[in-house]
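Please read the structure below before turning to the comments.
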Amino acid sequence: QVQLVESGGGLVPPGGSLTLSCASSAIIFSCYLVRWYRQAPGKQRELVATIFSGGTTNYPDSVKGRFTISRDNDNNTVYLQMNSLKPEDTAVYYCNVLRSGPDYWGQGTQVTVSA
C-alpha cells in the first residue's frame, strides 16, 4: 500500500511561515502530478498547489504569491512553503498524487494560524 507521509504542520501566528513536507518510499514523485489540498472545519476540501511532473506549478488566487510548492527529486519529497499565513489558512493540509486509479492521499497535517 502506497503511503504519503505529511509533516511540518503546527501553530503559527498570523504573518508567520511554515513548510510542509510530503514523503513516500513507494512512488517517485517526479513521475506524477502532485497536489496539496486543505480542508477547514465545515468546509469543502480546497486545492492550494499543484506541481506537474515537468516541474510547472499552479496556485489558486487565494494563496498565489504566498505559497510555493516544490519538489526535491534527490530526497523524493514535495514541499509546501507557506508565507504570510492568515487565520483563514487554518486547515488540515493533505498531499495528493493524481493517478489513473484511485488517487493517493496522505493522512494530513494540521496547520493552525492564530495569535
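What follows draws every value from the coordinates through simple rules; no lab data is involved. These numbers were taken from a predicted model, which means no experiment stands behind them. Note: ideal-geometry Cβ built from the backbone for every residue, glycine included; neighbour counts use all protein chains shown.
Data for the structure
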{"item": "Hydrodynamic radius by Kirkwood, which averages 1/r over all alpha carbon pairs of the range 52-91, in angstrom", "result": "11.4 Å"}
{"item": "ALA49 long-range amide H proximity, modeled H, under 5 Å", "result": "TRP36"}
{"item": "Charge context of ARG66, other residues only, Cβ under 10 angstrom, K/R +1, D/E -1", "result": "+1"}
{"item": "Model label zone, SER17; criterion: amide N under 12 Å from point 7 Å along Cα-to-beta-carbon; scope the range 48-75", "result": "66-68"}
{"item": "Estimated distance in nm for a label pair at SER25 and GLU46, the labels positioned 7 Å out from Cα along Cα-to-Cβ", "result": "3.5 nm"}
{"item": "For the chain, size of Cβ-based charge dipole, Lys and Arg +1, Asp and Glu -1, in debye", "result": "180 debye"}
